[in-house]
Structure formats: structure tokens, C-alpha cells
1. Given the structure, is Pro216 in a loop (DSSP other than H, G, I, E, B) and modelled with pLDDT of 80 or more?
2. Confirm whether Ile361 is out of contact with any helix residue (DSSP H, G or I) (no Cβ under 7 Å at 6 or more places or on another chain), of a type in the set (Val, Ile, Thr), in the same structural domain as Val238 (by TED's automatic domain parsing) and over 20 Å from Glu250 (Cα atoms).
3. When only residues in the range 444-491 that are in a loop (DSSP other than H, G, I, E, B) and within 33 Å of the chain's Cα centre (by Cα) count, which is nearest to Leu622 (Cα to Cα)?
4. Could you please find all residues in the range 518-555 being among the aliphatic types (A, V, I, L, M), in contact with a Lys or Arg (Cβ under 7 Å, 6 or more places away or on another chain) and under 16 Å from Ser626 (Cα atoms)?
5. Taking the range 49-102 as the search range and keeping residues that are free of Cβ contacts under 8 Å to residues at least 24 places away in the same chain and basic (Lys, Arg), which one is surrounded by the most Cβ atoms within 10 Å (Cβ to Cβ)?
6. Check Asp399 against each of (1) modelled with pLDDT under 85; (2) in the same structural domain as Gly368 (by TED's automatic domain parsing); (3) surrounded by 19 or more Cβ atoms within 10 Å (Cβ to Cβ) and name the one condition it does not meet.
7. Answer yes or no: is there a residue in the range 110-121 that is more than 26 Å from the chain's Cα centre (by Cα), loosely packed, with under 13 Cβ neighbours inside 10 Å and modelled with pLDDT of 75 or more.
8. Give me a count of the residues in the range 278-300 that are assigned to a helix (DSSP H, G or I) and either within 22 Å of Gly578 (Cβ to Cβ) or under 25 Å from the mean Cα position of the chain (by Cα) (or both).
Amino acid sequence: MPEKTAKRSKTPKHRKAAHNEGVIPQLARAVREVEASAQRGKATPINRTKFHVIALLMREERNKAKNDSTMSDADRAETLKRLDGIASILAKTAARDTSLITLLEPTAPITDATRTARRKILEQAGVELTEEDAQTAATAEVVIVPPELAERQVVPAAVPARIRSNPFLAPDMRAGLHTRPAVRLANWELLGPLLKSFEQGAGGGSACMTLPEVPPVDRLSPKGLELMPHQARFLQSVRFGHRSFLLADEPGLGKTAQSVIAASVANAYPLLVVVPNVVKMNWAREVERWTPQRHATVIHGDGQEMDAFADVFVVNYEILDRHIGWLSQIGFKGMVVDEAHMIKNMQSQRSKNVLKLAERIRTATPGGNPLLMALTGTPLINDIDDFRAIWRFLGWIDDQKPIGELMGRLEEAGLTPADSGFYASAREIVIEMGIVRRRKIDVAADLPAKRVVDMPVELDDEFGRSIRDAEQQLANKLFERFDRAINGKLGAEMSADSIIRMIAAQELDESKNSSSGINVFTMVRQIGQAKAGLAADYAAQLARSVGKVVFFAKHIDVMDAAERSLAERGLRTVSIRGDQTAIARQAEIDAFNNDPEVAVAVCSLTAAGVGVNLQASSNVVLAELSWTDAEQTQAIDRVHRIGQEEPVTAWRIVAAQTIDAKIAELIDSKAGLAARALDGAEARDESEDSVQLAALISVLRDEIARREIA
């Protein structure tokens with residue numbers, strides 16, 4: 001009798017262990033991550049791929065279970081039950097984000113990204129790959145230039161000579177890279193918890209790794225230049241052997257100088273620097289200013305005029321696709337990505353190019369430890385997921401999990417996401433991998449104050465009346481949809497708040513695909529056009545009373561109107577736009593900073609909002625609002641940076657009694673994510689909606705309230 005009892009007790013244990021192995025546990029973790037992404041809004045491209053893979057593998061596992069004659073009825077029933085649970089979550093997720101529904105169809109096209117993601121889940125599940133899967137894996141590892149870019153590749157004339165001159169080019173060091181296998185954390189989904197640890201702040205302080213003390217003597221900066229203490233501490237960490245960094249100092253604290261000297265300290269030459277087009281020439285200047293013994297070359301167009309034997313190669317994101325072939329063969333020992341938030345969308349060709357080159361450099365650098373630096377004062381724009389691409393560039397994670405040293409450190413901590421101390425511990429571990437974040441208020445005590453002042457303006461002309469009419473038409477359209485929904489079948493199934501959110505989301509999706517008609521984007525543009533003259537008038541008053549002014553606008557027609565208005569007032573201007581060559585743009589920047597006759601710099605918010613030094617001014621006019629606090633901050637910090645001697649004021653022109661005022665309020669409320677994730681601020685309840693979605697929700701709620709009162 002006791003023996004029979006013992007035998008019975010073994011069966012459930014064995015079955016429980018089996019249920020924690022194989023593909024299904026991997027699918028269960030993956031589907032929860034996709035569900036969480038959809039709850040925050042539209043599923044990201046990566047999670048769309050993951051959603052498709054889950055649907056594919058779920059069908060495969062269901063067919064296996066139904067046709068496996070060796071499986072007991074009890075195990076088959078349990079397996080099908082678990083697969084039904086996964087299917088239920090997929091269905092709920094697709095109902096939340098209807099663009100996912102087509103991926104549930106068996107006929108949905110299978111892309112290379114889908115095949116790669118499928119293979120990785122199978123590998124994690126310990127499933128032996130088929131010959132086809134193995135071939136896919138081998139191909140993915142070898143290909144540097146994807147087929148769609150092959151015809152666009154160029155090879156500057158001097159490049160072959162440079163490649164022939166390097167006898168140690170591109171050894172494959174993958175065999176020498178030892179990754180500590182995961183044991184305790186092998187079956188845990190970790191990327192979601194790691195990101196959450198930053199999103200909630202985890203009760204931590206500033207997201208800055210432990211840095212060495214300031215060296216007693218500055219031996220790194222050239223004669224006539226001096227490093228600030230925070231810069232010297234960063235460079236000490238490089239001198240002591242650290243090689244991967246998210247350098248997230250607030251804008252204006254000298255990240256370019258730090259990275260230029262870091263390359264010298266690490267002897268990471270040749271060095272590849274990928275930057276926005278607007279700062280290419282400035283980067284070359286900074287290289288030769290801070291490391292005069294080194295030579296930088298800037299790649300323009302097809303690169304025929306570049307120096308292939310330079311120490312530092314500077315290339316902009318926009319032309320990287322045509323140079324990726326030969327850049328992968330040069331044998332770089334370091335790579336810098338400036339304004340790294342620009343690679344946040346890992347499905348974009350820009351991001352794919354950067355990540356492919358980084359992977360190539362990691363695997364080809366002797367010792368497998370190149371200098372990799374991601375520079376951005378605003379790594380988080382809208383979502384904590386913005387960290388993913390940067391962490392992947394640095395080699396801390398792949399698209400599924402932590403890898404290498406990060407996984408090893410998490411294992412050593414001895415905690416899992418089920419343990420109460422995991423989040424604080426995980427946040428600290430990721431920070432110590434190389435996140436460096438310093439605020440101006442903490443490290444630049446002599447930097448003058450900065451403030452943002454709203455300047456409400458009344459649009460009381462015909463243009464203003466047409467804008468208010470357009471707003472009312474938008475409100476009417478939204479209310480009509482709400483009224484039909486609340487009085488129809490949906491009204492019995494959903495709350496009023498849910499219907500409001502659904503209608504606003506539908507309107508936003510339609511607006512993104514339309515450049516005409518009345519929608520939130522066309523209205524904001526009209527408001528910018530209406531404010532152009534008033535904003536230019538205020539900029540002119542400032543220029544005559546306090547000196548040089550930087551004028552930011554989002555749209556070219558607003559910039560054109562402002563330049564005409566300022567010229568009529570006899571003020572000389574320069575223009576910084578996205579369609580200029582790097583040389584022409586740098587000439588405009590130099591004229592503004594050095595020519596006393598230039599009164600106003602009229603700048604594109606997107607083209608001049610990053611990497612540009614305009615500190616000859618201490619007054620900024622924001623003629624149009626950005627959609628993010630980060631973009632607004634970046635623009636203001638073109639002026640508020642090291643070397644600025646005057647208090648900085650940003651005058652934000654806001655159209656009163658319009659949606660413009662609501663957008664300004666929403667932008668200010670969105671500053672909390674970066675404060676929590678990077679500066680250790682306390683978590684607080686706030687909407688995860690985008691500013692655009694929140695603005696539409698506000699328009700509809702106001703209209704509902706107005707009609708109820710009436």
C-alpha cells in the first residue's frame with residue numbers, strides 16, 4: 001500500500017516538471033509580454049512579430065498534441081488546456097489592437113523576422129532545430145548587407161587600399177566569447193521586468209553607474225582646454241577598462257568631448273561615429289579639438305572625397321545604408337551613436353543598420369570588447385521600451401533576453417522576478433553595466449538657471465475663428481461616433497470611458513494616415529501658421545531689447561513666415577533646416593554665434609533640436625509646440641549648456657482657447673517618465689497615453705460635458 005501511494009505521488013511531480021519545459025512555457029511568457037505591450041497602446045513592431053510567432057507555434061503545438069500517439073490522454077488534455085489559455089490571451093490582445101487580427105490567420109505571410117524570432121523561441125525551449133531552421137540561423141549570422149540594400153552599396157575609391165593595409169582585419173572572435181549559461185533565470189521572461197524596474201523607479205536614486213574619483217591631474221585634455229570633474233570621472237572609468245556606455249548626461253554637459261577623449265583613452269581606433277546630419281561637421285571639429293593628434297573624416301554622399309586612412313569616420317544616419325558594406329570591413333575598434341534615441345524603432349532600416357554594424361564590431365574586435373557608446377540626453381521619448389534598441393546596441397540584450405555579462409550579473413544576484421527585491425536589484429545591475437546620467441543641477445553648479453514661460457496669445461482674426469470652427473467640427477465628429485456607440489450594442493458591453501478611449505484611438509489612427517481634412521495634426525499645423533507672425537513679433541522685440549534669439553518652429557511654412565516678418569523689421573537672420581548640407585548648416589551656426597549683426601536663428605525643431613550649440617543666445621522662442629517634453633527640452637538645451645553665462649528663458653507661444661493650450665499642459669505632464677527612470681524620482685499615477693491621444697480624449701470629454709450642460 002505505501003508503495004502504491006509513493007508511485008502515485010511521483011506522477012504529478014514528473015508531469016509538473018514536464019509542463020515547465022519545452023515550447024509552451026516560452027509561449028506563455030511571450031504572450032504576456034505582447035499583451036502588456038498592447039495594453040500600453042499599439043503593439044510595437046517587435047511585439048507584432050512575436051504575436052505572429054506565438055500564433056504559428058501555438059498551431060504547431062496543438063497539431064502535435066492531437067496527433068502524438070505516445071502522449072497520455074491526461075497529458076494531451078492538459079497541453080490543449082494550456083494552449084487554449086494562450087489562444088485566449090491572443091484573442092483578447094487582438095481585440096485591443098485590431099491590427100493584429102490578420103496575424104492570427106494561417107495565411108499571414110511569414111517574414112525573415114518571423115522566422116528568426118521563431119527559431120530563437122525554439123532554441124530557448126531546447127528544441128532541436130530542423131535543417132531549414134539551422135540554415136536560417138547560419139544565414140542570419142553571416143549576412144551584413146541585407147538583400148534590399150545590396151544594390152545601393154558604394155565603395156569609395158580609397159577604401160580597398162585601407163582594407164588591404166590592415167593585416168588583422170575582422171577575426172571571428174565568437175568562439176572566444178564566453179556567455180555564462182542561465183540556470184536560476186533560464187525560464188523567466190526578464191526584459192519586461194528589467195524595463196519595469198526603470199519605469200517604476202524601483203525606489204532608486206539617479207541612474208548613474210559608480211564612477212571613480214576625479215584624478216588629481218588632468219592629463220587627458222589638450223593644452224588650453226580643461227575637463228570638468230564629471231567628465232574626468234567618466235574618462236577614469238574608461239581608463240580602468242569599462243567599454244560599454246549609455247552616456248545619458250543632460251543635454252549641454254559635454255557628451256561629445258567625453259566620447260572623443262574616451263576613444264583616445266581606450267585606443268579605440270579606427271572609430272565609427274554615427275550622427276544626425278546636422279552635427280557631422282561639428283563632430284569632426286570636436287575630434288581634432290580634443291584629440292589634435294587624431295584625424296577625422298566626414299562621409300558625404302557616396303564618400304568619394306573622404307580620407308580612408310583617418311582615425312575617426314563620421315557618417316550620418318541617412319546615408320549609412322549605402323556604406324554599410326565597406327564599413328563592416330574596415331576593422332573598427334569602437335563605435336559611437338550620437339542622439340541614440342533615434343534608433344528606438346528597431347524595425348526601421350536606420351536602427352537595423354546601426355545594430356548590424358555594432359554586432360559586427362563586437363564579434364570582430366580582438367578580445368570581443370570594443371568601445372561602444374550611445375549618447376543621448378533624452379533616451380526615453382514616449383515609452384520605457386525606448387531603452388531596448390540602445391541596450392541591444394551595447395550588447396547587453398538581444399531581442400528576447402539579457403545576454404552575456406548582464407545575464408551573468410543577474411544570475412549572481414540570486415533573485416527572480418517573483419522575489420520582492422528583484423526590481424531594485426535589477427535596476428542597479430543594469431545601471432552598473434554602463435549607464436551614466438548626470439544632471440546639470442548636480443555637476444555644473446555655475447551654469448545659469450533655466451525657465452520655461454508660457455506666452456498666451458489670442459487668435460482673434462479670421463484665421464483664429466477658422467481654427468476654432470475646425471476644432472468644433474472635430475469635436476462634433478468625435479461626439480457623433482460616441483453617441484452611436486453608447487446608444488448601440490457597445491454601450492451595453494463597455495463603459496463610457498472605454499468607448500471614449502476607443503473612439504479617440506480610432507480617430508488618431510485615421511489622422512496618421514491622412515494629410516488632409518480636419519484632424520489633430522492638421523489643426524496643430526494651422527495653429528502654428530496662425531501663431532507665426534505673433535511669435536516672430538515677440539522674437540523681434542526680444543532681439544532689440546536683450547540680444548540674440550533662437551526661434552524654433554516645427555513646420556517649414558512657419559519658418560518661412562517668421563523669416564519674412566523678421567526681415568521686414570530689419571533684422572538679420574540665419575536659418576537651420578533639414579534640407580541643408582552639413583557645411584552650409586555649420587556656416588549658419590558659426591554666423592549666429594560669431595557675427596554680432598545676426599540677430600535671430602530661425603531653426604527647425606527637428607533638424608536643429610539636437611547636437612547644435614547656439615549659446616550665443618540666452619533666449620529661445622518656441623513658436624510651435626512639440627509632441628514630447630524630450631523634444632522641447634532638447635531644443636532649449638541648444639542654448640542652456642556649458643559655456644552659457646546668462647540665465648536662459650524659453651518663451652513658449654501658446655494659442656489660448658484652443659487645443660494648443662491643452663497640448664502644452666499635456667507635454668508638461670509627460671516629463672515624469674525620464675525623471676523616474678533616470679533621476680530616481682518617485683513613481684506617480686499618470687496616463688501612459690501619447691499626447692496626441694490624450695488631446696483627442698480631452699476634446700471628446702469636453703464636448704460631452706458641454707452638451708450635458710446645454
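1. On the way: in a loop (DSSP other than H, G, I, E, B): yes; modelled with pLDDT of 80 or more: yes.
Here the answer is yes, as Pro216 does meet what is asked.
2. Values: out of contact with any helix residue (DSSP H, G or I) (no Cβ under 7 Å at 6 or more places or on another chain): yes; of a type in the set (Val, Ile, Thr): yes; in the same structural domain as Val238 (by TED's automatic domain parsing): yes; over 20 Å from Glu250 (Cα atoms): yes.
It is true that Ile361 is out of contact with any helix residue (DSSP H, G or I) (no Cβ under 7 Å at 6 or more places or on another chain), of a type in the set (Val, Ile, Thr), in the same structural domain as Val238 (by TED's automatic domain parsing) and over 20 Å from Glu250 (Cα atoms).
3. We begin by selecting, within the range 444-491, every residue in a loop (DSSP other than H, G, I, E, B); these are 444-449, 458-461, 487-488.
Filter once more, so that each one left must be within 33 Å of the chain's Cα centre (by Cα): 444-449.
Working: Ala444: 25, Ala445: 26, Asp446: 25, Leu447: 22, Pro448: 20, Ala449: 18 Å.
Across the range 444-491, the extreme among qualifying residues is Ala449.
4. From the range 518-555, those among the aliphatic types (A, V, I, L, M) are 518, 520, 523-524, 527, 530, 532, 534-536, 539-540, 542-543, 546, 549-550, 553; that's our starting set.
Add one more test, that the residue is in contact with a Lys or Arg (Cβ under 7 Å, 6 or more places away or on another chain), and what stays is 540, 550.
Val550, the sole residue that qualifies.
5. Arg62
6. All conditions pass for Asp399, except number (3).
7. Looking for residues that are more than 26 Å from the chain's Cα centre (by Cα), loosely packed, with under 13 Cβ neighbours inside 10 Å and modelled with pLDDT of 75 or more, one finds at least one in the range 110-121, hence yes.
8. The initial filter retains those residues of the range 278-300 that are assigned to a helix (DSSP H, G or I), namely 278-290.
Within this subset, residues satisfying the condition of being either within 22 Å of Gly578 (Cβ to Cβ) or under 25 Å from the mean Cα position of the chain (by Cα) (or both) are 278-286.
Number of matching residues: 9.
The values are calculated or read from the model by the stated rules, or taken from the named source; none is laboratory data. The structure presented is a predicted model; accordingly, all values stated were derived computationally and were not measured. Please note: Cβ atoms are built from the backbone with ideal geometry, for glycine as well, and neighbour counts cover all protein chains shown.
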